[in-house]
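The values are calculated or read from the model by the stated rules, or taken from the named source; none is laboratory data. Just so it is clear, the model here is predicted, and its values are computed rather than measured. When we count neighbours, we look across all protein chains shown, and the Cβ atoms used for this are built from the backbone with ideal geometry, even at glycine. When the accessible area is computed, the model is the full protein with side chains, heavy atoms only, and any ligands, DNA or RNA have been set aside. Shrake-Rupley method; radii C 1.70, N 1.55, O 1.52, S 1.80 Å.
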Amino acid sequence: MRVIAPRQQAQRGQGIEPGGAGQSTTPAATAVVRAATAPVAAAPAAIAPAVTARAARVPAGPVLAGMALAVMALLAAAPVRAQMPKSAPAARARSWAAAAAKGARSGELILTVAGKRVGTETYAIEKLTDGWRWQARTSLNFPQSAELRFDAHNHLLTYRDTLQPPGSAVIIRARVANGRVAIRIRRGATLAQARAAAPQDTSGNLPAGWWLLPANLFSVYGRLTRLYSAGNGEWQMLGAVWPSYIFQLRRLPGDISVAHTGRRVSLSVWQLRLRTPRGSQLFTFCLAPKATLVWLDLPQQNFQARLRTWPPASFVQIAAWAQAHALGQSGAASAAKLEAKLLTGLRQIPVSIPTSSGSLAGDLTEPLKLPAGASLPAAVIIAGSGPTDRNGNNPLEQFQRFTYLRLAAYLSRHGVIVLRYDKRGIAASAKAGVPRNIRQYARDVGSAVQFLRRQPGVDANMVTLVGHSEGSTLAFWDAATDRHVAAIVSLEGAGRKLSQVLDWQFARALRRVPPAQARAELRREEAVVARIAAGKHVPRAMLAGNLVLASLAAQPRFARSFLNLDPLRYARRDRVPTLVVQGGKDLQVTRTLDAQPLYDAIPANAPRKLVVFPNMIHLLYDVSGPAGPANYLVPADTPLDPGMERAVLAWITGAHGSPAPGR
């Protein structure tokens, strides 16, 4: 079960009590949400196998129940017996039919990954004389059904959840009374065996206003969100699961007016952000009047849910609006103000970079006054993976920090002309189309170099590639064949095949999971990565519990080229001065596994240097305290590591002792 604590009280032992037995981890089936004062919605996480209580032991969790959430703090150390009724599937079926007969509000969501249908969710919300009831079923990877019953004050009374992953079945029942929750779990190889199995009972505190919510079921979002304040576009803390897992919710200012069945319907737009050690996830969802969930989008994983009764064409307008307002009005105003501040005293010129297939949108940053006949060193900043734009902003991140714009502004103030661009398929370069394979990204780097060399004031023999994360590998790739590249700066680049990096990150995220389960889950994930990298079909059952892998499997051609990308292959062909920069508190790549092998692969006859900044994280900022996921929550106005900036500038200008001539 997943735990969401209101604000950050759970970290201090308030609200939900941590229990000794409850602090072990297994895949998730449930979230716990407070629904009293703060705006709240429960979110299935979306990358790694989920984490739940030891008592649950739900095998290989649902596809969206991910992100290794830390502990099940709900359960007390000593399990207690709870008198609860046995599962009654026939009675439950009659209950479902009765709800429909009474005119309960019901519907069906279509679930897709990369545009391909992967399941459905049917639901019914029924008003009762003493409260209300929500029921739902899904076929997302495997059958799952759930039922929640509330009193007239929205206090949870009973919880039912049945999951049937391949080769197993789990039945979870809970009853809440007087601030305590009694949980009964049955497991078996089949549903019949699970019903007949001896129960495992446990209990814990569940204060008034807290809810248990099943992962992978989305229709309840609207009902929950309707209970909270409208918000003003600012993020509001839902809560935190220890220091590492942060939940936030906001309503975007303004609504979407959409034509539906011959009339205009106003939709409210909400965003739910989840930050975990594996990164940040951003769910955007739209609610029709009466809080009906119409559309939900998880862009990082290409996952969407949409109401069946709405025509697909209407979601094009909804998606466009949501993307255009990703920052919200107040957030966009703050971002514009920060951008203007960073560009003070500089000139920024919007440009269009021609490529062999479409054009890329970018910005050229240069000193405000260029001397007549100036011939300045120049740099191309190559973005990292994911939907990261030319400024270094990612809509999935909590803060829009303008990492690449900050670096470009620093360099331009010291006499360097800098080109940044949106990757194809991202932001303003969306019209260029998504890449068929990673090679297209590398070719785009070459197009950017050629474009920059032709610009006024640029010394065509002093163009440096500055690649961050995935961009580091692309820089080595282009420089291996592009004789016009004068130097390379690798910022937090991988020194292993990306499939190996992914396996290592999976293993790191499973460190708090019980060893036997961690080994089994890691073997499964490694097997999936290996099959995708080999271009083999991945059975659907193997993807259960990990939407990252499901997303890769849905675009096999690109995924195969991405996972087989070997940075060392191109580093060995390097012949230009190369600076390898590594942060000592980076959680994605390390000095030992990545920076050092990358440096060692560069031929000894090429000027090279490895620099480690002890307090720098993957996002190029300095942080205090020990390395950990909380470091990634630095405020948006945090400056970049000053030592890193000086080192990059020195390398680009040739001040590193070995000039950066063209080849």
Right, V294: surrounded by fewer than 23 Cβ atoms within 10 Å (Cβ to Cβ), more than 20 Å from the chain's Cα centre (by Cα) and either part of a helix (DSSP H, G or I) or at pLDDT 65 or above (or both) or not?
no
Taking the residues in region 158-178 that are open to solvent by 30 Å² or more (accessible area, probe 1.4 Å) and among the small types (G, A, S) as candidates, determine which candidate is farthest from D130 (Cα to Cα).
G167
Exclusive hit being touching a helix residue (DSSP H, G or I) at 6+ places or on another chain (Cβ under 8 Å) and part of a loop (DSSP other than H, G, I, E, B), set G362, G373, G392:
G392
Out of the residues in region 334-359 that are part of a loop (DSSP other than H, G, I, E, B) and either touching a Cys at 6+ places or on another chain (Cβ under 6 Å) or open to solvent by less than 60 Å² (accessible area, probe 1.4 Å) (or both), which is farthest from A428 (Cα to Cα)?
G345
Which one is modelled with the lowest pLDDT among residues in region 301-333 that are open to solvent by 70 Å² or more (accessible area, probe 1.4 Å) and closer than 23 Å to Q400 by Cβ?
Q329
From the list A409, A442, A372, which residue is farther than 30 Å from A559 by Cα, of a type outside the set (F, W, Y) and free of Cβ contacts under 8 Å to residues at least 40 places away in the same chain?
A372
Could you list, in sequence order, the residues of region 523-560 that are closer than 19 Å to R439 by Cα, over 21 Å from the mean Cα position of the chain (by Cα) and open to solvent by less than 40 Å² (accessible area, probe 1.4 Å)?
A533
Please identify the pairs in which a residue from region 612-632 that is at pLDDT 90 or above has its Cβ atom under 6 Å from the Cβ atom of a residue that is open to solvent by 40 Å² or more (accessible area, probe 1.4 Å) and assigned to a strand (DSSP E or B), counting only partners at least 6 apart or on another chain.
N615/D622; M616/D622
Cβ-Cβ under 8 Å, sequence separation 6+ or interchain: first residue in region 183-195 and under 25 Å from L156 (Cβ atoms), partner open to solvent by 40 Å² or more (accessible area, probe 1.4 Å) and assigned to a helix (DSSP H, G or I). Which pairs?
R186/R195; R195/P89
Taking region 149-170, which residues are among the hydrophobic types (A, V, I, L, M, F, W, C), over 28 Å from the mean Cα position of the chain (by Cα) and in a strand (DSSP E or B)?
F150, L156, L157, A169
Please indicate, with yes or no, whether at least one residue in region 196-208 is buried (at least 18 other Cβ atoms within 10 Å of the Cβ) and closer than 22 Å to I125 by Cα.
no
Condition met for S229 (under 19 Å from C286 (Cα atoms), surrounded by fewer than 19 Cβ atoms within 10 Å (Cβ to Cβ) and at pLDDT 70 or above)
no
Does Q281 meet the test of being more than 28 Å from A174 (Cα to Cα), open to solvent by less than 40 Å² (accessible area, probe 1.4 Å), of a type in the set (S, T, N, Q) and at pLDDT below 80?
yes
Counting only residues that are among the aliphatic types (A, V, I, L, M) and within 14 Å of L360 (Cβ to Cβ), region 388-447 contains a total of 9
Hey, any hits in region 412-428 for a residue that's open to solvent by 20 Å² or more (accessible area, probe 1.4 Å), within 26 Å of L249 (Cα to Cα) and among the charged types (D, E, K, R)?
no
So, in region 137-147, how many residues would count as being in a strand (DSSP E or B) and crowded, with 24+ Cβ neighbours inside 10 Å?
3
Filter region 633-663 down to the residues that are at pLDDT 90 or above and among the small types (G, A, S) and list them by number.
G643, A647, A650
Can you tell me which residue is modelled with the highest pLDDT among those in region 510-545 that are assigned to a loop (DSSP other than H, G, I, E, B) and in contact with a Ser or Thr (Cβ under 6 Å, 6 or more places away or on another chain)?
P514
Scanning region 469-509 residue by residue, the ones that are surrounded by fewer than 22 Cβ atoms within 10 Å (Cβ to Cβ), assigned to a loop (DSSP other than H, G, I, E, B) and either of a type outside the set (S, T, N, Q) or in contact with a Ser or Thr (Cβ under 7 Å, 6 or more places away or on another chain) (or both) total 6
